[in-house]
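Before any comments, here is the structure.
The values are calculated or read from the model by the stated rules, or taken from the named source; none is laboratory data. As the structure is a prediction and not an experimental result, all values here were calculated from the model. Heads up, the Cβs are rebuilt from the backbone with ideal geometry, glycines too, and the neighbour counts pull from every protein chain shown.
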Amino acid sequence: MTRSDQTTKKRRTPAKPRPRANRTFTLEVTIVGGPITRSFVRKNPVISRTIEARGDHTLAELHEAIFNAFDRYDEHLYEFQFGGKRPMDRQARRYCPPMAMDNPFGEKEADAARTTLGSLGLATGDVFYYWFDFGDDWWHRIEVLAIAEGAPLGKLPRVTQRVGESPPQYVDMDEE
């Protein structure tokens, strides 16, 4: 009998497959919007980071990896959006820190601190979005480049590639 054929003792429903924590996700995180000057964009037309993370890493841990990868220093609220075709798609599933889960607009959100990458059913080529700092609106497009069995040696999550300089977290638009 396979694991998915098993039933729980308390309920007669099929047991949920357990996420495989020993998988490694390679994610390309690209800034697609935010307070960036035109001169910075001319010098850095693409700003992205490739990050490796294990399936048992939470979205909160992925947030921390992205935060550090772009050399940010001032924490703000954030949200991951899955299943939408673009940022702020109303059809997207939303994951945020517990303190931000009381949404005044009635939208349902899940806990980023309890949701692991391996539990999301991601596949190579999937795209999701990350919104950082709800005032300055830093938008990131995240593409799943690869999913490998096992985990490489060393500390994860980690940045494996950097394209472009990190933009300043706060920009003086008058400098333009």
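General observations
- Selected residue [without any contact (Cβ under 8 Å) to a residue 12 or more places away in the chain, assigned to a loop (DSSP other than H, G, I, E, B) and under 15 Å from the mean Cα position of the chain (by Cα)] from 84, 121: 121
- Answer residue from segment 107-144, given it is surrounded by fewer than 17 Cβ atoms within 10 Å (Cβ to Cβ) and hydrophobic (A, V, I, L, M, F, W, C) and is modelled with the lowest pLDDT among those: 110
- Candidates 68, 103 - the one that is modelled with pLDDT of 90 or more, polar (S, T, N, Q) and over 21 Å from residue 124 (Cα atoms): 68
- Considering (1) modelled with pLDDT under 95; (2) surrounded by fewer than 20 Cβ atoms within 10 Å (Cβ to Cβ), the lone condition that residue 96 does not fulfil carries the number (2).
- Qualifying residue in segment 135-148 (condition: charged (D, E, K, R) and over 18 Å from residue 53 (Cβ atoms)): yes
- Residues of segment 1-35 classified as of a type in the set (Ser, Thr, Tyr) and at pLDDT 50 or above, total: 3
- Answer residue from segment 36-54, given it is assigned to a loop (DSSP other than H, G, I, E, B) and modelled with pLDDT of 95 or more and is nearest to residue 136 (Cα to Cα) among those: 47
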